[in-house]
Amino acid sequence: MTTSASKTPRMTTLVVTVITTVVTVMTTVVTPAVAQQGSKGQAAAPQAEAPKTAPPKAAAPQSAAPKAALKGADKAAEQPTPQPIDPALPTVLVLGDSISIGYTPALREALQGVANVVRPMGKKGPENCSGTKNGVAKVADWVSRYGKPDVITFNFGLHDLKREKADAAGKAVASEDPNDPRQSEPEAYRDNLTKIIEQLQATGAKLFFVTTTPVPPGGVKPHRDLGDPLLYNGIARQIVEPRGIEVIDLWSVAAEKPEWMRPANVNFTPDGSAGLAAAIATPLKRALADLAAAKRGQTLPADAKPWEADPQLVERLSKDRPFLYREADVPTYELP
């Protein structure tokens with residue numbers, strides 16, 4: 001029979017065992033929890049401190065700087081592309097479309113050391129002067145960019161005689177349909193070119209009109225009649241010759257060299273552009289050698305003699321050429 005005294009140690013041992021077990025279990029459960037809580041606390045600290053370091057706030061001035069830089073870049077991009085200028089040399093200003101854009105570099109090289117050769121420039125490169133409508137609006141600005149040019153060569157024509165139509169918004173766009181109107185019909189071309197020339201004469205510069213180059217066969221796009229360059233050059237001569245403005249006949253130069261032109265394209269190969277530049281450089285060098293004498297040949301409109309059309313002009317220019325122009329290709333138009 002077991003006495004009460006003998007029960008006490010056994011109960012004590014049991015209680016200790018239970019307590020030890022409970023403590024062990026609690027230690028097993030609580031320790032990872034505390035460790036996990038501690039790790040969460042460590043991870044949370046940077047999140048709590050994030051506003052203190054303020055990465056978003058720091059980003060604000062960083063984004064402001066690029067904006068300012070972009071504004072500066074935009075302003076710089078708006079500036080015309082610079083061209084080499086020697087203040088000791090006279091300046092030749094070239095006005096014209098993509099044909100003149102093509103030959104300007106070669107002309108600049110041909111006149112190196114003789115004259116500065118410049119042309120209207122945009123933020124992306126050479127500016128296409130396009131047709132006479134554009135010329136009337138911008139010629140004063142083009143001239144003013146270069147102070148007072150000593151010599152100005154100018155051409156308008158290929159854009160004037162191309163066909164255009166109105167799109168859905170009523171804006172004029174290029175057309176391949178020969179039945180659509182020209183950008184500037186002959187009499188509109190005459191009026192516009194006259195206005196341009198009057199502004200050019202006011203500069204006091206020695207002026208050269210450069211004739212419009214041929215339209216090759218093969219269906220150029222947009223549509224241009226093969227004979228229209230002859231017609232528009234004839235109108236231009238009516239305006240410039242009575243004023244004593246010298247003519248550089250690039251039409252005839254190019255017509256003799258059909259290999260200079262790109263297939264079914266009004267533009268020229270690099271060799272063609274170089275050839276055109278050479279044809280322009282010769283009379284320019286002659287004029288630059290004695291500008292005062294060269295300018296004396298230019299008379300004011302009031303003193304100009306009436307222009308007399310050569311009755312054989314179209315026939316002479318349209319026959320026996322490599323491009324095989326025929327009188328039938330030339331629009332019927334009575335030159336006054």
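The values are calculated or read from the model by the stated rules, or taken from the named source; none is laboratory data. If you're wondering where the values come from, they're calculated on a predicted model, not measured in any experiment. Neighbour counts run over all protein chains shown; Cβ positions are idealised from the backbone, glycine included.
Worth a mention:
- Qualifying residue in segment 148-163 (condition: free of Cβ contacts under 8 Å to residues at least 40 places away in the same chain and either more than 24 Å from Ala281 (Cα to Cα) or not in a loop (DSSP other than H, G, I, E, B) (or both)): no
- Contact map, segment 114-128: first residue more than 12 Å from Leu89 (Cα to Cα), second residue modelled with pLDDT under 95 and small (Gly, Ala, Ser), Cβ cut-off under 6 Å, separation 6 or more or different chains; pairs are Lys123/Ala77.
- Residue match in segment 209-217 (condition: of a type outside the set (D, E, K, R) and within 16 Å of Asn134 (Cβ to Cβ)): yes
- Pairs, first closer than 10 Å to Lys162 by Cβ in segment 179-191, second surrounded by 22 or more Cβ atoms within 10 Å (Cβ to Cβ) and of a type outside the set (D, E, K, R), C-beta under 6 Å, six or more apart: Arg182/Leu161; Gln183/Gly131; Gln183/His159; Ser184/Gly131; Ser184/Thr132
- For Val240, the requirement of being among the β-branched types (Val, Ile, Thr), buried (at least 21 other Cβ atoms within 10 Å of the Cβ) and within 21 Å of Tyr189 (Cα to Cα) is met.
- Selection count where residues are touching a helix residue (DSSP H, G or I) at 6+ places or on another chain (Cβ under 6 Å) and either exposed (fewer than 15 other Cβ atoms within 10 Å of the Cβ) or of a type outside the set (Val, Ile, Thr) (or both), scope segment 190-211: 8
- Residue list for segment 227-254, filter: closer than 17 Å to Ile99 by Cα, under 28 Å from the mean Cα position of the chain (by Cα), of a type in the set (A, V, I, L, M, F, W, C) and in a helix (DSSP H, G or I): Leu250, Trp251, Val253, Ala254
- Restricted to segment 85-103, and to residues there that are within 15 Å of the chain's Cα centre (by Cα) and either outside any loop (DSSP other than H, G, I, E, B) or without any contact (Cβ under 8 Å) to a residue 40 or more places away in the chain (or both), the residue that is surrounded by the fewest Cβ atoms within 10 Å (Cβ to Cβ) is Ser98.
- Pairs with Cβ under 6 Å, 6+ apart, first in segment 132-143 and closer than 23 Å to Asn233 by Cα, second charged (D, E, K, R) and buried (at least 17 other Cβ atoms within 10 Å of the Cβ): Thr132/Asp160
- Candidates Ala287, Ala202: the one that is of a type in the set (A, V, I, L, M), under 21 Å from Arg119 (Cα atoms) and touching a strand residue (DSSP E or B) at 6+ places or on another chain (Cβ under 7 Å) is Ala287.
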